[in-house]
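The structure under discussion appears below in the form of structure tokens.
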Amino acid sequence: MLTFDDPHYDDPLRSSLYGQQSAGMTAAMTPTGYIRAEDSDALLAAVRQTVALDDPSVIFTAPVDVSWLRDDNVGQLIAALKLLPGGKALMLGGQMDPLGHFSQAVGNLIRILGEVPNCALMRSDLAAFGALAHGAWFGSFGATASVRHIVPPGEPVDNSKPVVLSPHVLFPELMGFFLGGTIAHRFAAAETPCCSCSVCDGAGLDRFTTTKGELKRQAAGHNIAVMGRWVEDLMSVPPGYARQQKWHELCHAAKEHHQVLNTFLGLKKGFEASDQLKRWASLTPTTTGSTPAAQRTR
């Protein structure tokens, strides 16, 4: 167990940062509490405390309710974040898929990344890749569903399918997670979808039918391998318009592939694109400069 003499034991913020730095972290992160929608007093108080540290190595974490990304609120969030000279890391709160809650969310996330220097997106899902495409300082993708967003404190987790009998599997062509058992069931009478990632090596995606033993480990490895390939492909494209356009094309192709696949399988209600994927697909880059911009077209 790590022990140290904390000279800031009576200051929770400085004590947390001191503990991280003493453990060897080169960029400590503020232990910011959840900032609920329109709670501007809490937002500004957290920002001012971090500014007062005058430490460029500290990253301000901003676990904010996704409603801050509504048109009426996003300007205030941007103004507050711009007061911070150092790094910023957004974490979005809301049930299930926060960026799918309302139509302006994805576009206003892009706006934040374009206007706030050194802004990252953490504890995220598909949005981590979209953020990197639109100029994020860095991004993080949750290894499990529970860490791909923040459930607002005091709210029960909204999960309509609490019993999970198979692992969540990333279907590359659909850019979405589906239960392995669901994939196996829907392809029971059709050609098996195969994956060329380093873990699958051509094996079928219909094999992940249980959370027990080796298959669970392989499913996790497959998910990581596919996402790693996405990062490499995306970051190999020059930043700015070209990278944004690449991301748009990937999302649009994935959205369209849902309908193609459902038609092939003869399913009326088969694989459904997430609201977030539809919104990324509906935004096309409009500038060739370094500042990301988007325009709703569909």
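The values are calculated or read from the model by the stated rules, or taken from the named source; none is laboratory data. All values reported here derive from a predicted model rather than from experimental measurement. So basically every Cβ, Gly included, is an ideal-geometry build from the backbone, and we count neighbours across all protein chains shown. To get the accessible areas, we keep the full protein, side chains included, count just its heavy atoms, and leave off ligands, DNA and RNA. Shrake-Rupley method; radii C 1.70, N 1.55, O 1.52, S 1.80 Å.
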How much of the accessible area of region 196-241, in percent, comes from carbon and sulfur atoms when a 1.4 Å probe is used?
55
At what distance in nm do the modelled label points of Ser103 and Gln259 sit from each other, each positioned 7 Å from its Cα along Cα→Cβ?
1.9
Centroid-to-centroid separation of region 182-259 and region 67-119 [C-alpha atoms, Å]
28
Could you pull out the trypsin sites (Lys or Arg not before Pro) across region 55-110 that fall in loop regions by DSSP (anything but H, G, I, E, B) with no more than 15 other Cβ atoms inside 10 Å?
Lys82
Determine ³J(HN,Hα), in whole Hz, for all residues of region 234-249 in sequence, where each value follows from phi through the Karplus function 6.51 cos²θ - 1.76 cosθ + 1.60 and θ = phi - 60°; x replaces Gly and Pro.
5, 6, 6, 8, x, x, x, 4, 4, 5, 4, 5, 4, 5, 4, 5
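Per DSSP H run of n ≥ 4, the term is -39500 (n - 2.57); total these for the chain, divide by its residue number, and report the mean residue ellipticity at 222 nm rounded to 500 deg cm²/dmol.
-12000 deg cm²/dmol
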Given the Cα-Cα distance of Asp11 and Cys194 and 0.36 nm per residue of separation, how much length would full extension add, in nm?
60.5 nm
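Run the numbers for Met96 and Ile224: contour at 0.36 nm per residue of separation, minus the present Cα-Cα distance, in nm. Can you show the working numbers first?
Numbers: separation 128, 0.36 × 128 = 46.08 nm, distance 2.06 nm.
Answer, rounded to one decimal: 44.0 nm.
Report, please, the projected area of region 90-152 averaged over directions, based on the convex hull of its C-alpha atoms, in nm².
Result: a mean projected hull area of 3.8 nm².
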Hey, what's the Cα Rg ratio for region 239-288 versus the globular rule of thumb, 2.2 N^0.38 Å?
1.34
Quick check: with the 1.4 Å probe, what order do His252, His101 take by accessible area, largest first?
His101, His252
How fast does the chain diffuse by Stokes-Einstein, in µm²/s, taking the Kirkwood radius from C-alpha pairs at 10 °C and 1.306 mPa s?
77
Over region 3-153, calculate the relative contact order: mean separation of alpha carbon pairs under 8 Å at least 6 apart, over the residue count, as a percent.
18
Using each residue's phi in region 20-30, evaluate 6.51 cos²θ - 1.76 cosθ + 1.60 at θ = phi - 60° and report the 3J(HN,Hα) Karplus result to the nearest Hz, with x for Gly and Pro.
5, 5, 5, 7, x, 6, 7, 9, 6, 10, 5
So how many Lys-Lys pairs in the chain land under 23 Å Cα to Cα, not counting same-chain pairs under 8 apart?
12
For the ranges 259-265, 187-193, 172-178, what's the packing order if you count other beta-carbon atoms within 10 Å of each residue, average per peptide, and put the highest first?
172-178, 259-265, 187-193
Let me check against my output: what whole-number percent is the relative contact order of the chain, with C-alpha pairs under 8 Å and at least 6 apart?
13
